[in-house]
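J.: My structure is below; once you've seen it, I'll send some questions.
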Amino acid sequence: MNELGPSPLAAREANLSVAEARAAIAARLKPIDARETVPIAQALGRVLAEDVISPIDVPAHDNSAMDGYAFAGTALRADAPTELHAVATVMAGAPYRGTVEAGQCVRIMTGAVMPSGADTVVPLELCRVENDQVRIEPGVIRAGENLRRRGEDLARGKPAITAGRVLKPADLGLVASLGIESVRVMRRLRVAVFSTGDEIAALGQPLAPGCVYDSNRFSLMGALQRLGMEVIDLGLVRDDPAALQAVVQQAIEQADAVLTSGGVSAGDADHTRDVLKQVGEVAFWKVAMRPGRPFAFGPLYAGDPQRPTKTAWLFALPGNPVAALVTFYVFARDALLVLAGATPQPLPVLQARSTLAIRKRPGRTEFQRARVSQAADGTWQVQTTGSQGAGILRSMSEANALLVVRHEQGSVAAGEPVDVWLFDGLV
């Protein structure tokens, strides 16, 4: 169970800036403590639970950094060409057993073991070769160049990759290069997802007047899958206290975190808020942002709240489709990665010129759907994808970024730089 820190916001409704809300969430969360061992072929996107310690030196021996001729750097002359006699060819994987004597060199391939007596490699294109005679002009190379020392990249007994890394393709290759077949990773975070509301229709059903299809659940499940989370789909819940109570209890029992959309606005059914408060320390916030003002967060408990048998963290998002995704990216994404055991990484923020003027008053953060592209002069520019209504999901689908106008900023003039969150950075 996650230990709970102080929560001055848990018992009251609060009006917060985006930064204050993110800080309040971060202050309460600790990673789950559940690990497993998986083959590296199945480790892509998993969170590394323990440092990978190198059992070998990398490289395992002094070797050549390129194709060329290996020799002793002391043979180089500054006042005249250096003349060497090639006595052998050394291939990668077939070490030369002899010693390179004074006046000698060996033809060597990239990655081949550097023979005894040699510490320098001259690239093929920087020397002249006739028969077995190699001529090197003064000043084209210095002693010790193009030599990769044993353990230069990674010394035996040192961490190759540290815990908390979300493993990338290159990480798997690095682990494999050490001869390691499996790694310890955090268990996949289990996230329960459900939608609430009598106005929400299930896919495949006729659409009654005033109703909309349940799009939020599928957007959110897709966002979770891209983060490598284990998704528990609890479907659609009607505006009924008993039904909501049952699905919330099921979510707490099965998941580490619970993601909902709808039911957190002041005008929503009171029993939604009542049920959530009964089973945890849920704070209902009004965040100074657009879209996505209503948001709720806090721990939900199984059993006695004073001595719970299990805890799951609630992220209750707004019901409007765009607002649900934006608040997921702003608040839930990083928090879920922390729960999953990943080391927090600041999101890269790109600066791009706004092609349009944007009207805004200081005092809230605005997230607009936008497309980033490269201008004719090579600089980055960004423009919004049409209407910015919180329910217009098509504008989100056509966007490749969020244009962020910060809390303290006012209106933005055309040509002025703005912050941009690229969607590929929000996977």
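The values are calculated or read from the model by the stated rules, or taken from the named source; none is laboratory data. Predicted model, so just to flag it, every value in this text is computed and none were measured. Positions of Cβ are generated from backbone atoms using ideal geometry, with glycine treated the same way; all protein chains shown enter the neighbour counts. Quick note on the areas: whole protein, heavy atoms, side chains included, nothing else; ligands and nucleic acids left out. Shrake-Rupley method; radii C 1.70, N 1.55, O 1.52, S 1.80 Å.
J.: Just give me the residues in region 372-427 being charged (D, E, K, R) and more than 24 Å from Asp334 (Cα to Cα), in sequence order. Can you show your working first?
T.: Let us first name the residues in region 372-427 that are charged (D, E, K, R), namely 377, 394, 398, 406, 408, 416, 419, 424.
Result: Asp377, Arg394, Glu416.
J.: Scan (1) touching a residue at least 24 places away in the same chain (Cβ under 8 Å); (2) out of contact with any helix residue (DSSP H, G or I) (no Cβ under 9 Å at 6 or more places or on another chain); (3) open to solvent by 30 Å² or more (accessible area, probe 1.4 Å) for the single condition Pro209 breaks and write down its number.
T.: Here Pro209 meets the rest and fails (1).
J.: List the pairs whose first member sits in region 387-401 and is part of a loop (DSSP other than H, G, I, E, B) and at pLDDT 90 or above, whose second member is open to solvent by 70 Å² or more (accessible area, probe 1.4 Å) and not basic (Lys, Arg), and whose Cβ atoms are under 7 Å apart, counting only residues at least 6 apart or on separate chains?
T.: Filtered contacts from region 387-401: Asn400/Leu422.
J.: Quick check, is Pro305 in contact (Cβ under 8 Å) with a residue 12 or more places away in the chain, open to solvent by 10 Å² or more (accessible area, probe 1.4 Å), over 16 Å from Arg226 (Cα atoms) and not in a helix (DSSP H, G or I)? Give the derivation first.
T.: On the way: in contact (Cβ under 8 Å) with a residue 12 or more places away in the chain: yes; open to solvent by 10 Å² or more (accessible area, probe 1.4 Å): yes; over 16 Å from Arg226 (Cα atoms): yes; not in a helix (DSSP H, G or I): yes.
When the stated conditions are applied, Pro305 passes them.
J.: Still on this structure, I have one more. Asp334 is checked against (1) under 30 Å from Ala163 (Cα atoms); (2) in a loop (DSSP other than H, G, I, E, B); (3) out of contact with any strand residue (DSSP E or B) (no Cβ under 7 Å at 6 or more places or on another chain) and fails just one. What number does that condition carry?
T.: (2)
J.: Follow-up. Of the numbered conditions (1) open to solvent by 80 Å² or more (accessible area, probe 1.4 Å); (2) touching a residue at least 40 places away in the same chain (Cβ under 8 Å); (3) basic (Lys, Arg); (4) touching a strand residue (DSSP E or B) at 6+ places or on another chain (Cβ under 9 Å), Arg361 satisfies every one except a single condition; which is it?
T.: (4)
J.: With respect to Pro346, determine if the residue is in contact (Cβ under 8 Å) with a residue 24 or more places away in the chain, open to solvent by 10 Å² or more (accessible area, probe 1.4 Å) and either in contact with a strand residue (DSSP E or B) (Cβ under 6 Å, 6 or more places away or on another chain) or not in a strand (DSSP E or B) (or both). I'd like the intermediate steps shown before the answer.
T.: Numbers: in contact (Cβ under 8 Å) with a residue 24 or more places away in the chain: no; open to solvent by 10 Å² or more (accessible area, probe 1.4 Å): yes; either in contact with a strand residue (DSSP E or B) (Cβ under 6 Å, 6 or more places away or on another chain) or not in a strand (DSSP E or B) (or both): yes.
When the stated conditions are applied, Pro346 does not pass them.
J.: Another question about this same structure. Tell me, which strands (runs of 3 or more DSSP E) lie completely within region 29-113 with 2 or more residues that are more than 30 Å from Val166 (Cβ to Cβ) and open to solvent by less than 30 Å² (accessible area, probe 1.4 Å)? Reasoning before the result, please.
T.: Values: elements: 35-39, 68-71, 82-90, 104-108.
Answer list for region 29-113: 68-71, 82-90, 104-108.
J.: With the checklist (1) part of a strand (DSSP E or B); (2) under 30 Å from Ala340 (Cβ atoms); (3) free of Cβ contacts under 8 Å to residues at least 60 places away in the same chain in hand, flag the one item Arg184 doesn't pass.
T.: Here Arg184 clears every test but (3).
J.: Right, Arg187: of a type outside the set (A, V, I, L, M), within 21 Å of the chain's Cα centre (by Cα) and surrounded by fewer than 18 Cβ atoms within 10 Å (Cβ to Cβ) or not? Walk me through how you get there before you give the answer.
T.: On the way: of a type outside the set (A, V, I, L, M): yes; within 21 Å of the chain's Cα centre (by Cα): yes; surrounded by fewer than 18 Cβ atoms within 10 Å (Cβ to Cβ): yes.
For Arg187, the condition - of a type outside the set (A, V, I, L, M), within 21 Å of the chain's Cα centre (by Cα) and surrounded by fewer than 18 Cβ atoms within 10 Å (Cβ to Cβ) - is met.
J.: Right, something else. Which number in (1) buried (at least 20 other Cβ atoms within 10 Å of the Cβ); (2) within 23 Å of Ala223 (Cα to Cα) marks the one condition that Arg333 misses?
T.: (1)
Table: residues versus (1) surrounded by fewer than 16 Cβ atoms within 10 Å (Cβ to Cβ); (2) within 30 Å of Glu36 (Cβ to Cβ).
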position: Ala192; (1), (2): no, yes
position: Asp198; (1), (2): yes, no
position: Leu220; (1), (2): no, yes
position: Ala223; (1), (2): no, yes
position: Met229; (1), (2): no, yes
position: Val237; (1), (2): no, no
position: Ala243; (1), (2): yes, no
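J.: Mind counting the residues in region 366-382 that are touching a residue at least 60 places away in the same chain (Cβ under 8 Å) and either in contact with a helix residue (DSSP H, G or I) (Cβ under 8 Å, 6 or more places away or on another chain) or surrounded by fewer than 19 Cβ atoms within 10 Å (Cβ to Cβ) (or both)? Steps first, please.
T.: Quick first cut of region 366-382, residues touching a residue at least 60 places away in the same chain (Cβ under 8 Å) only: 366-367.
Applying the additional criterion that residues be either in contact with a helix residue (DSSP H, G or I) (Cβ under 8 Å, 6 or more places away or on another chain) or surrounded by fewer than 19 Cβ atoms within 10 Å (Cβ to Cβ) (or both) yields 367.
Of the residues in region 366-382, 1 are touching a residue at least 60 places away in the same chain (Cβ under 8 Å) and either in contact with a helix residue (DSSP H, G or I) (Cβ under 8 Å, 6 or more places away or on another chain) or surrounded by fewer than 19 Cβ atoms within 10 Å (Cβ to Cβ) (or both).
J.: How many of the residues in region 129-158 are under 30 Å from Leu227 (Cα atoms) and open to solvent by less than 60 Å² (accessible area, probe 1.4 Å)?
T.: Of the residues in region 129-158, 1 are under 30 Å from Leu227 (Cα atoms) and open to solvent by less than 60 Å² (accessible area, probe 1.4 Å).
J.: Need pairs with beta-carbon distance below 6 Å; first residue in contact (Cβ under 8 Å) with a residue 24 or more places away in the chain and within region 271-286, second charged (D, E, K, R); sequence gap 6+ or separate chains.
T.: What qualifies is Phe284/Glu13; Lys286/Arg293.
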